[in-house]
Each structure stands twice: as structure tokens, then as C-alpha cells.
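One structure below.
Please treat every number below as a calculation from the coordinates, not as lab data. These numbers were taken from a predicted model, which means no experiment stands behind them. Every residue, glycine among them, receives a Cβ derived from its backbone with ideal geometry; neighbour counts consider all protein chains shown.
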Amino acid sequence: MGNLRKVFAISALAAATVHAQDLRQTIVGCADLECPADGPGSTSDDCTVADTGSFIYVGLTRVPTDNDALSGISWTKGFDVGSSDNKRQFQNTFYLGTPPDLQLNNSTGACAVFLHGASKNLAFPGENSEPAQGTCADAMGSSCVDALVSRARNLVNGYNSGDEKLSVSEVCSRLQEDLEDSNDEACAKISQGHWSNFTSTTLTGEDAPKPITQQQNSSSNCWPIIPKQDDLTLVSKYNYTGGEYASELEKAMFAITPIITVFYSAGDGSLVTETEASLSCIKVVGPARASLSTMDNGSNDHDGSGAMGLSSSQSLFSAALVAVGAAYFIGI
């Protein structure tokens, strides 16, 4: 298939001349990310990223920061449905997007904590869960966001204040455990008195996952990041058994996942002088690019935006549900 990432990068350079290209809205999906159609005449998308996953929906959001050295870092989420022991599996895959010139070496500690247990109590404003998007303040309330970010920053500072030298993986593991055990009043409505089902991943250090290589990317038909020359790293997968009803599928597909991202100084040459913590709320969003009638199944977008006709076209969400359900039953 050739090196699609190189092709994507060449086409993107004309449209992205800045370090971190602005997104059209807080979270964008396949309409902006230029996912290809699932097949001729299909109204569903199929975004395959190397051998890490194939997704009918994806979502991309920036990691909020005021630090120019960390500008352009993103989270991408993909959703798919599989099967295990003849039971439906909801599969969520998370990628870290980074500019190619960003050097996240061992001098900068970095962690991601995924608040999976909070998803069931979160929603963005709006009646339709498919295109709904927004900030963590919209979904969780600004007071809860501030409490979680402040707690994460203070915890990491505490870990690094003593004589004991912790590895990045130890810091991330402790951060996950301590956040899950926390109980901020500002978040009581969401945590319902007790957080649960947090996971964490190191983003730097010896145990950190590595970006997808050009060789690995040769099997991709999609690179769900803006700008296209940015790197993507598979950071985490979160799968769980789901029910057979369409309502359960829709709820799982468009669930919001809060992610706490922390950067701290771990040695000389660090990108940060003070610990930085932020909260991103990521979900996959529609409509499917292939469903936008003015884009002719996603093949006639010439301006690089991937969003032609977004405001005037109707999403064929029911067709997407059918496609996902059919893929599940075929896979059994």
C-alpha cells in the first residue's frame, strides 16, 4: 500500500505551516481527520491505524497547555466492537499525538491516567451523542476539573520532594492509585462518592510505548491526527464486555473518557521546570465522513479540512450502528 503517512504528511504541509494546527472545534472526528469510507457506496468510515486497530469512529483533541514546549500534543480515541467467548466486546483505543520535533526524553517525566469509571456519568450538552463535543468543564464542571488537576499536580510534586528517587512508572502507578482513592467534594456528583476503574500509562522513560514507525504504518489507510506529519503512539486499550442492545452500543461508542496528563521535571534538560497537569475529555464524534453527501463518500475533499459540507449534511448514524453490529456478528 506504500507509506501512507508520508503521503499524508506531504499533503498536510501546505495546509499546516504552524507547529500546532488549530482544530475546528475542541474534539474533531473523521470528517476533519479524512478517514476513508468502509467501501464503495458505504456511509460508514474505516480508519485502520497500522496493526493497532480499525475504527468506525475516532475523536481527536488537544492537550491543554500554556507551555510552548508542549504545544501540539493531542489525544486520539478510536472505537470498535469485537467479540470474546461469543460476547460483544467494546474496544477503546487511545493514541498520543506529538509533533515530530518534540523530544520527550527521560529528563521529562510524563504520565496519563484514564478515568474510565467516570464515563457513565458524563455527557456534553446537546441531545445527539454522536456529534456532541466540548471541554471537560462542559462535561464535569470547572470546579471538578480544577480539583482533579490541582490534586494530580500536588501528588506528583509530593512524590518528587523526598530523598527517594522514583522511576516514571512508579510515579504514574502511585498517581493512579492516589487519584482513585481521592474524594473531592467538587467531583462528588460524578464520582458518586468513590472513583473506580482508573488505569495509567507512562509516556516517557524505559517503559513508555514508542511511536508507530513508518514500517509499521505501511498497513494504515488512515492517520487520525492533525497535522498529518505528527507522530502517533498507541498508549492504551480499554476493552469490556457489553450488551446486545443498540442503546448500549450507542452509549459505549460515544462515552467520554477523561484523561489526566502530567509532565514533570525528572532531570537536567527537562521540557518543564514546574509540574504541569491537565485534564482532557475525549470521545469519538460523528458524523461519518463517508455519510456527508457533499463530499461524495469522502473522496472529493480538496481543501485539506476534511469537513466540507459538515453543517448541511445529515449523519447516517443508524447505518453506522448496523455496520458495527454486523461486524460483531461476523466476528463471532
Packing-ranked peptide list from 71-83, 132-144, highest mean Cβ count within 10 angstrom first, is 71-83, 132-144
Part-to-part distance (alpha-carbon centres) for the stretch 145-203 and the stretch 76-103, which is given in Å: 23 Å
Which pairs in the list LYS87/LYS120; LYS165/LYS237; LYS87/LYS210; LYS165/LYS283; LYS189/LYS251; LYS120/LYS237 are over 24 Å apart, alpha-carbon to alpha-carbon? LYS165/LYS237; LYS87/LYS210; LYS165/LYS283
Computed log₁₀ I(q)/I(0) - Debye formula, equal Cα scatterers, no solvent, the stretch 118-204, q 0.18, 0.20, 0.22 Å⁻¹: -0.87, -1.00, -1.11
Percent breakdown of C-alpha pair distances by 5 Å bin, ordered from the shortest bin, for the stretch 191-230: 5, 14, 15, 15, 16, 14, 9, 7, 4, 1
